[in-house]
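Notes to accompany the following structure.
The values are calculated or read from the model by the stated rules, or taken from the named source; none is laboratory data. Everything numeric here is computed off the predicted structure, so don't read it as measured data. Positions of Cβ are generated from backbone atoms using ideal geometry, with glycine treated the same way; all protein chains shown enter the neighbour counts. Keep in mind that these areas ignore ligands, DNA and RNA; they rest on the heavy atoms of the full protein, side chains included. Shrake-Rupley method; radii C 1.70, N 1.55, O 1.52, S 1.80 Å.
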Amino acid sequence: MRNTGIRRTLVALGVGALALTACGADDEAAGGKTRITVNCMPPKSAKVDRQFFEEDIAAFEKKNPDIDVVPHDAFPCQDPKTFDAKLAGGQMEDVFYTYFTDARHVVDIDQAADLTPYVKELKSYDTIQQQLRDIYTVDGKVYGIPRTGYSMGLIYNRELFEKAGLDPDRPPTTWDEVRDAAKKIAALGDGTVGYADYSAQNQGGWHFTAELYSQGGDVVSADGKKATIDTPEGHAVLQTLHDMRWKDESMGSKQLLVINDVQQMMGAGKLGMYLAAPDNIPILVKEKGAEYENIALAPMPGGEGTLIGGDGYMFNKNASPEQIRAGLKWLDHMFLTPGDGFLGDYARAKKNDAPVGLPEPRLFTGAADTKDQQVKKANANVPVENYQAFLDGNQQLEMKIEPPHAQQLYSVLDSVVSAVLTKEDADIDRLLKDASGKIDGILARS
């Protein structure tokens, strides 16, 4: 599942249309240059991001006069309705955008180039977090390069915390503390909701997964063959939601919410807490009426784990060795140079009034991470102290990717969460048992 938008202000990045010339067949541009097609170029409607993207490609081509980069744009970067069709039809770009959860699938259907012989030429590869590299490594072979990542946390309203007698510098770290804080915030009245959660459009299943991870549970077994939600951890997630909704009355009466509903509530100052990734923060400010000073971020309550996601690039299986080498150089230049490029030029972002200083993406390790964070801190234009708890707490959590067949599983789990939040007499045991059977069926057919 994705949050609304990609990291920082890159909300409107795009992908090429289906009717593109087949890639990999013509890898030489005029003058003997190596030509590569790439996607996820911001659309014209995202004027600033598109300008940055074009500037960076021009700088890359000047630095590498033997390479011609042909970008394709549309929205979103990857359309699930056309993604497989483009792959199967040979229509995919030479270097193409993928979510973390796509990696295994693209490899399984034999549509990805093996980058293993070339990855040593990617200067930044060894600086990228190992757990992110592992996502694109299948059976010991490298098939993709991570570009950015996110992890879930607890967004909260500092002003409401203060009004409710809570310390905004000491956010909840357990679900019991979340429940207690939510009760106090809801007691402020005037339509104020202590804690809100999604329960429709697969988003309820997504958040159930994040909450299950936070308590040390899993949605499916390690071998991906059986559901593992009918467990003490799964029961605890649903029981907490049920009790907050019906016993504490801290979640409000309106349910079947989706991300936009909850963002509207937070932006209007009527919501104390909800789960989200850092990229929600600029949306709350720029689109929903909140102020940076009033929005803070804490790690996932529970202390066990957090859901991570993100994206990267894979290469068309028909790409030539020259195109692969050119594409890796392009990725280094655009996305993987600390403090520079499309994602990392924080000085340029600040100059154009984009938020700098949000706690993610945290792509690099070691000296590369130190440099990236130093440049980010030097150009920060948001209250970074509001996110320190998130940064500190994340160091103690297990980072866990979404389950296989995530959207199908989320659809099943949506009904579980929505039942608990709309029916006071919901039978949690029955709900989890029935959902487990449905998930087992999905996994068996895969």
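SER45 contributes about 100 Å² of solvent-accessible surface, heavy atoms of the protein only, 1.4 Å probe. When only the Cβ of Lys, Arg, Asp and Glu is charged (+1, +1, -1, -1), the dipole of segment 287-336 relative to its Cα centre reaches about 380 debye. Distance from a point 7 Å along Cα→Cβ of MET399 to each backbone N in segment 112-152: keep the residues under 18 Å and list them by number. Flagged as within label range: 124-138, 143-152. Ranked by the mean number of other Cβ atoms within 10 Å of their residues, highest first, the peptides 421-428, 160-167 fall in the order 160-167, 421-428.
Taking Lys and Arg as +1 and Asp and Glu as -1, the other residues whose beta-carbon sits under 12 Å from that of LYS120 total 0.
In the chain, Cα pairs under 8 Å separated by at least six residues give a relative contact order of 24 percent.
Rounded to the nearest 10 square angstrom, ASP261 shows an accessible area of 50 square angstrom against a 1.4 Å probe. What separates the Cα centres of segment 96-152 and segment 41-78 is a distance of 22 Å.
Taking the longest Cα principal axis of the chain as reference, the axis of helix 232-242 is set at about 70 degrees. Per-peptide packing, taken as the mean over residues of other Cβ atoms within 10 Å, places 298-305, 310-317 in the sequence 310-317, 298-305 from highest down. Among the aspartates and glutamates, select those whose C-alpha is under 16 Å from the C-alpha of LYS226, and discard any that sit fewer than 8 residues away in the same chain. Counting by Cα, and skipping residues close in sequence, LYS226 has these aspartates and glutamates nearby: ASP218, GLU402, ASP434, ASP440. Quick check: the distance between the Cα centres of segment 317-336 and segment 402-446, to the nearest angstrom? Value for the Cα centre distance between the two parts: 41 Å.
Using the 1.4 Å probe convention, the accessible area of segment 70-112 works out to 42 Å² per residue with neighbouring protein chains retained.
Solvent-accessible area per residue in segment 194-339 equals 30 Å², computed with a 1.4 angstrom probe and all protein chains kept. Bridgeable aspartates and glutamates around LYS247 (alpha carbons under 18 Å apart, same-chain partners fewer than 8 residues away excluded): ASP176, GLU177, ASP180, ASP197, GLU424, ASP425, ASP427.
Distance check, please: which entries in LYS183/LYS376; LYS400/LYS433; LYS44/LYS81; LYS141/LYS329 exceed 28 angstrom between their Cα atoms?
LYS183/LYS376
Once the Cα atoms are used to define both axes, helix 203-214 deviates from the longest principal axis of the chain by about 80 degrees. Surface composition of the chain: carbon plus sulfur atoms hold 48% of the accessible area, using a 1.4 angstrom probe and ignoring ligands, DNA and RNA. Magnitude of the charge dipole for segment 19-169, about its Cα centre and with charges confined to Cβ atoms of Lys, Arg (+1) and Asp, Glu (-1), is about 200 debye. Counting only protein heavy atoms and a 1.4 Å probe, segment 389-446 has 50 square angstrom of accessible area per residue.
Modelled label positions at GLU287 and THR116, each set 7 Å beyond Cα in the direction of Cβ, lie 4.1 nm from each other.
Antiparallel as a % of all DSSP beta bridges within the chain, to the nearest 5? That works out to approximately 70 percent antiparallel.
Of GLU55, GLU61, the residue with the largest accessible area leads and the full order is GLU55, GLU61 (1.4 Å probe).
Nearest 0.05, what FRET efficiency do LEU256 and LYS81 give at R0 = 22 Å with Cβ-Cβ as r? That pair, LEU256 with LYS81, gives E of 0.35.
Relative to the longest principal axis of the Cα atoms of the chain, helix 321-334 runs at roughly 50 degrees.
Accessible area per residue was computed with a 1.4 Å probe on protein heavy atoms; GLU159 scores about 90 Å².
Along the charge dipole of the chain, Cβ charges K/R +1 and D/E -1, which of ALA296, SER320, GLY189 sits furthest on the positive end? Positive-end residue among those listed: SER320. A straight Cα-to-Cα reach below 20 Å connects LYS47 with the aspartates and glutamates GLU55, ASP56, ASP73, ASP279, GLU287, ASP340, ASP345, ASP353, residues fewer than 8 places away in its own chain not being considered. Take the Cβ atoms of ASP108 and ALA222, set R0 to 22 Å, and the FRET efficiency comes out at 0.75. For segment 105-163, the relative contact order comes to 33 percent (Cα pairs under 8 Å, sequence separation of at least 6).
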